[in-house]
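Colleague: Sharing a structure, written as structure tokens. Questions coming.
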Amino acid sequence: MRITSLLIALLACLFCASVATASDKVFFKGIQGKWSGPGEIVAGKFKGTKFVCTFGGATPDSKTSMDVDGSCRVGVFTQPMNAKITKTAGHYVGMFLDGAKGEGMDVVGGRYTQSRLVVNIKRKDLNGVMVANLSDPNQLRVTISVKHEGKLVPVIGMALTRQPGSVITGSVK
């Protein structure tokens with residue numbers, strides 16, 4: 001798998017967490033602001049590759065959804081990243097970059113409990129999950145795992161920090 005595909009999957013992880021709450025709508029609101037941090041590919045052909053990502057997160061309208069936009073850098077190479085994820089009819093849908101029909105991935109489901117979001121991701125014959133955990137309101141740990149021989153194998157790990165002064169406050173309806 002190319003580094004680009006792995007970084008696309010990483011984007012799914014980056015902004016799917018916020019403060020510990022019982023509401024995924026509040027959870028998505030918590031991604032608002034600017035985040036950055038290091039990551040590493042921990043398995044596969046590019047094992048040991050380190051990268052740094054910077055993202056801005058937003059929640060459009062009053063929907064249970066999020067938009068993220070930014071980039072990840074590996075050495076001198078920068079890859080633009082963006083995602084849209086929405087909860088519709090009780091399940092999660094969305095895409096990273098241009099979705100699985102292009103160079104990206106599709107979100108095909110998931111589940112949320114308190115400060116943990118697990119999103120199912122798919123691209124052609126690649127299936128996996130992104131797990132986002134928040135250790136505190138300003139620290140986000142993300143793991144991307146893919147199915148290999150019937151088991152989920154961690155492929156990407158990342159730790160993001162909310163940038164000072166980037167928290168957007170307000171009420172959630």
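Colleague: If I go through segment 132-142 residue by residue, how many of them are surrounded by fewer than 20 Cβ atoms within 10 Å (Cβ to Cβ) and either more than 17 Å from GLY37 (Cα to Cα) or touching a residue at least 60 places away in the same chain (Cβ under 8 Å) (or both)?
Modeller: Residues meeting the conditions: 2.
Colleague: Which one is farthest from LYS29 (Cα to Cα) among residues in segment 110-125 that are without any contact (Cβ under 8 Å) to a residue 40 or more places away in the chain and surrounded by 15 or more Cβ atoms within 10 Å (Cβ to Cβ)?
Modeller: Of everything passing the filter in segment 110-125, LYS122 is farthest from LYS29 (Cα to Cα).
Colleague: Please tell me if GLY128 is in a strand (DSSP E or B), small (Gly, Ala, Ser), surrounded by 17 or more Cβ atoms within 10 Å (Cβ to Cβ) and modelled with pLDDT of 80 or more.
Modeller: Considered against the rule, which asks whether it is in a strand (DSSP E or B), small (Gly, Ala, Ser), surrounded by 17 or more Cβ atoms within 10 Å (Cβ to Cβ) and modelled with pLDDT of 80 or more, GLY128 comes out as yes.
Colleague: Same structure, new question: I'm trying to understand the selection: among the residues of segment 89-123, which are basic (Lys, Arg) and assigned to a loop (DSSP other than H, G, I, E, B)?
Modeller: LYS101
Colleague: Out of (1) free of Cβ contacts under 8 Å to residues at least 60 places away in the same chain; (2) buried (at least 17 other Cβ atoms within 10 Å of the Cβ); (3) not hydrophobic (A, V, I, L, M, F, W, C), the odd one out for PRO80 is which?
Modeller: For PRO80, the exception is condition (2).
Colleague: Residue under question is THR59, and the condition is that it be closer than 25 Å to THR113 by Cβ and without any contact (Cβ under 8 Å) to a residue 24 or more places away in the chain; does it hold?
Modeller: Considered against the rule, which asks whether it is closer than 25 Å to THR113 by Cβ and without any contact (Cβ under 8 Å) to a residue 24 or more places away in the chain, THR59 comes out as no.
The values are calculated or read from the model by the stated rules, or taken from the named source; none is laboratory data. Owing to the predicted nature of the structure, the values given are computational and were not obtained by experimental measurement. Methodologically, a virtual Cβ is constructed for each residue, glycine included, from the backbone with ideal geometry; neighbour enumeration extends over all protein chains shown.
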